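Before any comments, here is the structure.
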Amino acid sequence: MSENSVAPGMENDVEDFLDEMQHDRGASPHTVAAYRNDLVQALAFFDARGMARWDEISAPLLLDYQASLGELAIATRQRRLSAVRSLVKSLKRQGRLGDFSFPDLPSARKAKIAPQALSIEDLARIMAVPDLTTADGVRDRTLMELIYGGGLRVSEAVGLRLADISRENLAIHVVGKRGKHRWVPVPGVTMDWIDHYVRGARGTLERSPSELLILSNRGLAMRRTTVYLMLQAASKLAGLPNVHPHQLRHTYAVHLLKGGADLRALQELLGHASIATTQVYTQLDNAEVAARYRRAHPRK
C-alpha cells in the first residue's frame with residue numbers, strides 16, 4: 001500500500017486497524033485481505049480530495065465517497081462502506097476522531113430472496129449420483145447427507161472431526177461462524193451413511209493419521225471449492241440446474257419449516273446469530289400458502 005501518494009499516517013492507521021482485526025478480533029486472512037482492498041480504494045479517493053488525516057473526515061466527504069461507488073454492485077458498495085465505517089469506529093474508540101459520528105448514509109439494500117429448496121424427488125436424484133463402488137463416491141454421498149441432514153454450511157461440514165460425531169445421541173458437534181459451537185441432531189439415515197463411510201471409504205482415502213471426518217482424494221482436508229465442483233458435476237448428471245452446497249442447507253431448513261419446526265428452533269439448528277436471517281425461509285412457506293389459496297378460492 002506504500003507505493004502511492006497517500007499520507008503515511010493514514011496508511012499506518014489502516015495497517016494498525018487490520019492488525020487489530022486479525023490479532024484481537026480473530027478475523028480470517030480472507031476477511032483481512034478483503035478489508036485491505038476496500039480501504040486501499042477508500043484511501044485513494046480521500047487522498048485525491050486532499051484529505052491527509054482521518055480526523056479530517058466529514059459527512060459530506062463520505063457522501064461523496066458513497067456516490068463514487070454508484071457503478072458497483074450493491075453488495076460491493078455496502079462492503080466498501082462497511083470497511084470505512086469499521087475503521088472510523090476503531091479510531092473513535094482510541095479517541096482519535098473527537099465527537100465525529102459516521103452518518104446514516106442512504107443505501108440500496110438487496111431484497112432478500114426466498115431460498116430455492118429442492119423437492120424431495122430432486123433431492124433423491126442428486127443424492128443417487130455418486131458411484132458407491134468407489135471411496136470418493138461414498139464420501140461424496142456422505143457429505144451431501146451431512147449438509148442436508150444437519151443443515152450445515154459447507155465450511156462446517158468439511159471441518160468436522162471424527163470426535164464431533166456422537167452416534168449414541170444421533171448428533172454432531174459443529175463449530176460455526178465466529179467459532180460458535182452447537183450440537184445438531186441428524187436423522188438416523190445420515191448417521192448410517194457416516195458409519196458406512198468411516199468403516200470403509202475413509203480408510204481408503206486416509207494417507208496419514210487425521211482427525212478430520214471428510215478427507216479429499218489425497219487424504220487432506222477437503223476444500224470448499226472441491227465440494228462446489230462435485231455438486232456442480234452431480235447436478236449435471238442428475239439433469240438438474242446447478243445445485244450448490246448452500247441449496248442443500250436451504251432445503252433442510254425449508255423441509256423442517258414445512259414439517260412444523262419452530263422458527264426459533266430452526267435458528268439454533270442453523271447457527272444463525274439473528275432470527276431475522278432465519279425468517280427468510282418463511283417467505284417460501286407464505287408463497288406456497290398464497291398459491292394454494294388462489295387455487296382453492298372460488299372467486300378467481
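Brief remarks on what is shown
- So residue 165, is it within 22 Å of the chain's Cα centre (by Cα), more than 26 Å from residue 237 (Cβ to Cβ) and of a type in the set (A, V, I, L, M, F, W, C): no
- Residue list for segment 173-201, filter: closer than 25 Å to residue 135 by Cβ, of a type outside the set (Ser, Thr, Tyr) and touching a residue at least 24 places away in the same chain (Cβ under 8 Å): 174, 186, 187, 189, 191, 193, 194, 195, 196, 198, 200, 201
- Filtered by the rule that a residue be aliphatic (A, V, I, L, M) and touching a residue at least 60 places away in the same chain (Cβ under 8 Å), segment 234-266 gives 234, 237, 238, 240, 243, 248, 253, 254, 256.
- Residue match in segment 2-11 (condition: assigned to a helix (DSSP H, G or I), among the aliphatic types (A, V, I, L, M) and at pLDDT 85 or above): no
- For segment 123-140, taking the residues that are touching a residue at least 24 places away in the same chain (Cβ under 8 Å) and within 23 Å of the chain's Cα centre (by Cα), the one that is surrounded by the most Cβ atoms within 10 Å (Cβ to Cβ) is identified as 140.
- Checking each residue in segment 45-98 for being of a type in the set (A, V, I, L, M, F, W, C) and not in a helix (DSSP H, G or I) picks out 51, 52, 57, 69, 72, 73, 97.
- The residue that is modelled with the highest pLDDT, counting only those in segment 254-274 that are assigned to a helix (DSSP H, G or I) and touching an Asp or Glu at 6+ places or on another chain (Cβ under 9 Å), is 254.
- Residue check: residue 154 meets all listed conditions (1) among the aliphatic types (A, V, I, L, M); (2) more than 18 Å from residue 216 (Cα to Cα); (3) at pLDDT below 95 but one, namely (2).
- Meets criteria (within 24 Å of residue 9 (Cβ to Cβ), touching a Leu at 6+ places or on another chain (Cβ under 9 Å) and open to solvent by 40 Å² or more (accessible area, probe 1.4 Å)) for residue 53: no
- When 277, 282, 251, 225 are checked against the criterion of being at pLDDT below 90 and more than 22 Å from residue 180 (Cα to Cα), a single residue qualifies: 282.
The values are calculated or read from the model by the stated rules, or taken from the named source; none is laboratory data. Quick caveat, the model's predicted, so the values are computed rather than measured. Reconstructed Cβ throughout: ideal geometry from the backbone, glycine too, with neighbour counts over all protein chains shown. All accessible areas refer to the heavy atoms of the entire protein, side chains included, with ligands and DNA or RNA removed. Shrake-Rupley method; radii C 1.70, N 1.55, O 1.52, S 1.80 Å.
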